[in-house]
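*Asks:* Take a look at the following structure, please.
The values are calculated or read from the model by the stated rules, or taken from the named source; none is laboratory data. Just so it is clear, the structure is predicted and the values come from calculations on it, not from any experiment. We place every Cβ from the backbone using ideal geometry, glycine too, and count neighbours over all the protein chains shown.
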Amino acid sequence: MVLYVLIAAITIVLACRVQTIENPQGDILMGYTTRQRAKSALCLVSVFVILTALASLRHEVGNDYGTYVVTCHEIFQRGYVVTEPGYNLVVRILYTLSGKEDYLLMFGVFGAAIVAIFLKVLKDQSDSFAWGFFIFMTFGLYYKSFNTVRYYFALAIATFALRYLIDINRQNLIKFFTLILFAATFHKSVLVVIPMYFLARVQWKRWALVLLAAFAALVGLFNKQIMDIALKLYPSYRNTVYIEEVHSIIEFAAPIAGCIFVLVICIICYEDAIKNRIDNRMYFNMNIMGMALYLSCYWLPLVTRFSYYLTTAQILLLPNIICSIRNPRKKKRVMVAVIIFCILYFMYFLKEADAVGVRVLPYKSWLFYDHRWLNQTDTF
C-alpha cells in the first residue's frame with residue numbers, strides 16, 4: 001500500500017509539470033518555451049517509465065494473473081482458448097520473438113501500451129493533464145489495469161476514440177469505427193460502446209432522462225434475458241461461480257458515489273462547462289448512463305465491464321469543468337472538493353485492493369523470485 005501511495009505521489013508531482021496548453025507568446029519567448037517543452041517532455045516520459053516499470057515488474061498481482069499465464073500457454077501451443085484473435089496473435093509474436101513462453105514480456109508490453117494510450121488521452125483530450133492524471137491515479141484506474149489487461153487495453157483505445165465523436169464527419173467516423181473494431185480483436189465487449197457513445201453524443205432533452213429512468217427500471221424486470229446476452233459476450237463465464245454469486249448494490253458503492261459526485265459538480269457548473277461544450281456534454285451524459293447502469297444492473301457480475309466504458313470519461317470531464325469555471329471563488333471550491341473526494345476515494349480503493357476480484361495488493365515483483373521457477377507455466 002505504501003508503494004502505491006508513493007508511486008501516485010511521485011507521478012502526480014511530475015504530472016503537474018507537464019504542459020497541456022502551449023504558451024501563446026511562444027514566438028516572443030522562444031528560448032523559454034523550448035526549455036519548458038523539454039522539461040514537460042522529460043516529466044511525461046518519467047511518468048510513463050515509472051508506471052510501465054511498476055506494471056511490468058509485478059508478479060501474481062491481479063486476480064487473473066495465473067489465468068493469463070495458462071491462457072498464453074494454450075495460445076502458444078495452439079490449444080483451445082476463448083480470447084480474441086488480436087490478443088492471440090500478439091501473444092504468439094511475443095513468445096516467438098522471446099524464444100520461450102515469456103508471459104512476463106506479455107504483461108510488460110500490454111502494461112506499457114495501456115499507460116501510453118491513457119497518457120496520450122490525458123495530454124491531448126483533457127484541458128489539464130495534471131488534473132486528469134490526478135484523477136486517473138486516485139480513482140485507481142491505473143492500478144485496476146493490473147487486472148484483465150486485454151480489457152483495459154480495449155478500454156484505453158475506446159477512451160482515445162472519443163476524440164473522433166466531438167467533431168463528427170466522415171473521416172472521423174471511419175477513424176472511430178476502425179479503432180473500436182481493432183480494440184474488439186482484443187476484447188469484444190468494446191463493441192457496446194458504439195450504441196452507448198452515439199447515444200451520449202446526442203443532445204438530450206429532459207424527456208430523455210425520463211426514458212433513461214424508465215429503461216433502467218425495466219432492465220430489472222428482464223434480468224434473465226440480459227444475463228443470457230451478457231453470457232454470449234462472455235461465454236467463459238457460463239457455468240462458473242461468478243454467475244452463481246449473489247451481488248448487492250453495496251459492492252459498487254464507490255463507483256456509484258463517484259458518479260454522483262461528478263453529477264453534482266456538473267450540475268453546479270453546467271452553465272460554465274457543460275451547456276456549450278459538445279465534449280463535456282457527451283461525457284456528462286456518459287456519467288449519467290454509467291450511474292444508471294450501476295443502479296439497475298448491480299446484480300450482473302459483468303456490469304463493471306460495461307460501465308467502465310462510460311465512467312472512465314470522468315478523467316476528462318472533471319479537468320475540463322475545473323478549467324472552464326470563470327468565477328475564481330467557485331473554481332477554488334470545486335478544486336478543493338475534487339481533491340478531497342479523490343483522496344478519500346483512493347484511500348477506500350487501497351483498503352479494498354486486496355479483496356477477491358481485485359487482488360492488486362499486496363504488490364510482488366518477479367525481481368525477487370527464482371527465474372527458473374517463473375518459466376514453469378505448469379506451476380499455475
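*Asks:* Can you tell me which residue is nearest to the chain's Cα centre (by Cα) among those in region 37-47 that are of a type outside the set (A, V, I, L, M) and surrounded by 17 or more Cβ atoms within 10 Å (Cβ to Cβ)? Before the answer, list the steps.
*Replies:* To start, the set of residues in region 37-47 that are of a type outside the set (A, V, I, L, M) comprises 37, 39-40, 43, 46.
Checking the rest, the ones that are also surrounded by 17 or more Cβ atoms within 10 Å (Cβ to Cβ) come to 40, 43.
On the way: 40: 24, 43: 22 Å.
Top of the filtered list is 43.
*Asks:* So, residue 151, is that one surrounded by 23 or more Cβ atoms within 10 Å (Cβ to Cβ) and among the hydroxyl-bearing types (Ser, Thr, Tyr) or not?
*Replies:* Numbers: surrounded by 23 or more Cβ atoms within 10 Å (Cβ to Cβ): no; among the hydroxyl-bearing types (Ser, Thr, Tyr): yes.
Against the criterion (surrounded by 23 or more Cβ atoms within 10 Å (Cβ to Cβ) and among the hydroxyl-bearing types (Ser, Thr, Tyr)), residue 151 does not qualify.
*Asks:* Among the residues in region 289-305, are any modelled with pLDDT of 95 or more, surrounded by 13 or more Cβ atoms within 10 Å (Cβ to Cβ) and assigned to a helix (DSSP H, G or I)?
*Replies:* Going residue by residue through region 289-305, those that are modelled with pLDDT of 95 or more are none.
No: zero hits.
*Asks:* For region 76-93, how many residues are modelled with pLDDT of 95 or more and either surrounded by 16 or more Cβ atoms within 10 Å (Cβ to Cβ) or among the hydrophobic types (A, V, I, L, M, F, W, C) (or both)?
*Replies:* Qualifying residue count, region 76-93: 7.
*Asks:* Would you be able to say whether some residue in region 257-264 is surrounded by 21 or more Cβ atoms within 10 Å (Cβ to Cβ), of a type in the set (Gly, Ala, Ser), modelled with pLDDT of 95 or more and in a loop (DSSP other than H, G, I, E, B)? Break it down stepwise before answering.
*Replies:* Step one: filter region 257-264 for residues surrounded by 21 or more Cβ atoms within 10 Å (Cβ to Cβ), giving 258-259, 262.
Filter once more, keeping what is of a type in the set (Gly, Ala, Ser): 258.
Subsequent filtering for residues that are modelled with pLDDT of 95 or more retains 258.
Among the residues that remain, those that are also in a loop (DSSP other than H, G, I, E, B) are: none.
No.
*Asks:* Would you check if residue 114 is over 25 Å from residue 368 (Cα atoms) and crowded, with 22+ Cβ neighbours inside 10 Å?
*Replies:* Working: over 25 Å from residue 368 (Cα atoms): no; crowded, with 22+ Cβ neighbours inside 10 Å: yes.
Taking the combined requirement at face value, the residue does not satisfy it.
*Asks:* Name the one entry in 283, 345, 309 that is surrounded by fewer than 20 Cβ atoms within 10 Å (Cβ to Cβ), modelled with pLDDT of 95 or more and not hydrophobic (A, V, I, L, M, F, W, C). Before the answer, list the steps.
*Replies:* Values: 283 fails: surrounded by fewer than 20 Cβ atoms within 10 Å (Cβ to Cβ); 309 fails: surrounded by fewer than 20 Cβ atoms within 10 Å (Cβ to Cβ).
Unique residue meeting the criteria: 345.
*Asks:* Could you check, for region 320-342, whether at least one of its residues is within 22 Å of residue 166 (Cβ to Cβ), assigned to a helix (DSSP H, G or I) and β-branched (Val, Ile, Thr)?
*Replies:* There is at least one residue in region 320-342 that is within 22 Å of residue 166 (Cβ to Cβ), assigned to a helix (DSSP H, G or I) and β-branched (Val, Ile, Thr).
*Asks:* For residues that are of a type in the set (Val, Ile, Thr) and surrounded by fewer than 17 Cβ atoms within 10 Å (Cβ to Cβ), scanning just region 227-256, find the one that is modelled with the highest pLDDT. Break it down into steps so the answer makes sense when it comes.
*Replies:* Filtering region 227-256 down to residues of a type in the set (Val, Ile, Thr) leaves 229, 240-241, 243, 246, 249-250, 256.
Retained after the next criterion (residues that are surrounded by fewer than 17 Cβ atoms within 10 Å (Cβ to Cβ)): 229, 240-241, 243, 246, 249-250.
Details: 229: 70, 240: 58, 241: 52, 243: 59, 246: 62, 249: 78, 250: 84.
Going through the qualifying residues, I end up with 250.
*Asks:* For region 184-220, which residues satisfy the criterion of being over 26 Å from the mean Cα position of the chain (by Cα) and under 30 Å from residue 150 (Cα atoms)?
*Replies:* Residue satisfying the conditions is 220 alone.
*Asks:* Additional query: Can you find a residue in region 156-170 that is touching a Phe, Trp or Tyr at 6+ places or on another chain (Cβ under 8 Å) and free of Cβ contacts under 8 Å to residues at least 40 places away in the same chain? Before you say what the answer is, go through the steps one by one.
*Replies:* Keep residues of region 156-170 that are touching a Phe, Trp or Tyr at 6+ places or on another chain (Cβ under 8 Å), which gives 156-159, 161-162, 164-165.
Now narrow it down to the ones that are free of Cβ contacts under 8 Å to residues at least 40 places away in the same chain: 161, 164.
Yes; the residues of region 156-170 include at least one that is touching a Phe, Trp or Tyr at 6+ places or on another chain (Cβ under 8 Å) and free of Cβ contacts under 8 Å to residues at least 40 places away in the same chain.
*Asks:* Same structure, new question: Looking only at region 96-111, how many residues end up being surrounded by 20 or more Cβ atoms within 10 Å (Cβ to Cβ) and small (Gly, Ala, Ser)?
*Replies:* Here the count works out to 1.
*Asks:* Give the residues of region 312-342 that are among the polar types (S, T, N, Q) and buried (at least 20 other Cβ atoms within 10 Å of the Cβ), sorted by residue number. Give the steps one after another, and end with the answer.
*Replies:* Just the residues of region 312-342 that are among the polar types (S, T, N, Q), to begin with: 312, 314, 320, 324, 327.
Listed by number, the residues that qualify are 312, 314, 320.
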